[in-house]
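What follows is a set of notes on a single structure, which appears directly below.
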Amino acid sequence: MEPPVPPQEQPPRPRSHTVTTTSSSFTANLSASSSTLAYDREFLRTVPGLLMVTEIVLGLLVWTLIAGTEYFLYPAFGWVMFVAVFYWVLTVFFLIIYMTMTYTRIPQVPWTMVGLCFNGSAFVLYLIAAIVDASSVTKDLDSHNYNSWAASSFFAFVVTSCYAGNTYFSLISWRSRTLQ
């Protein structure tokens, strides 16, 4: 038997010292967009910014005061919960949009009209919810939850006035945009 024949060795190839890297358009766009993320610190110092923060804090108070009770036994409080939670989530969403100045990167959206419609609808529905909340609070209904429901009613009217103020400022902003 013959010994195995070693494979022929090929001469080593010269190595290149150049490294080529490529990036996809996704990573290029991602890095470009994240580096231009703006943060508007001055928004919280404006009256609409302060009203929005007040809406968030007191709106949270409205729905947590009701959520801590047996509200599901009374349909009127279910309506108040719906309005309070719905507009609380949307107000947080709009605060993030205004704080990060996202509205400047989506110019196709008429932001002044969106703000006016949002604040106007929040004012009207919160006013209805606050009236329903106040008219549903009686000691005869459930004296155990009376204080929570009375407090939520008070804060619902305060939040309603905040949305009324923001509706006013949104209307002024919308009018100034339509006159130009």
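For the range 35-109, the solvent-accessible area with a 1.4 angstrom probe is 57 square angstrom per residue. First measure r as the distance between the Cβ atoms of Phe169 and Lys139, then evaluate 1/(1 + (r/R0)^6) with R0 = 45 Å and state the FRET efficiency to the nearest 0.05. Here the calculated transfer efficiency is 0.70. The peptide list 68-81, 162-175, put in order of mean Cβ contacts within 10 Å with the highest first, becomes 162-175, 68-81. With a simple spin-label model that places each label point 7 Å from the Cα along the Cα-to-Cβ direction, the separation between Ser121 and Val53 comes to 2.7 nm. Here the extension length gained between Ile128 and Arg41 equals 28.0 nm, from 0.36 nm per residue of separation less the Cα-Cα distance.
Report note on the peptides 134-140, 54-60, 97-103: ranked by the mean count of other C-beta atoms within 10 Å, highest first, their order is 54-60, 97-103, 134-140.
The values are calculated or read from the model by the stated rules, or taken from the named source; none is laboratory data. Because the structure is predicted, anything quoted here is derived from the model rather than measured. Using ideal geometry, Cβ is built from the backbone for each residue, glycine included, and neighbour counts are taken over all protein chains shown. Remember, those area values only see protein heavy atoms, side chains included, never the ligands or the DNA or RNA. Shrake-Rupley method; radii C 1.70, N 1.55, O 1.52, S 1.80 Å.
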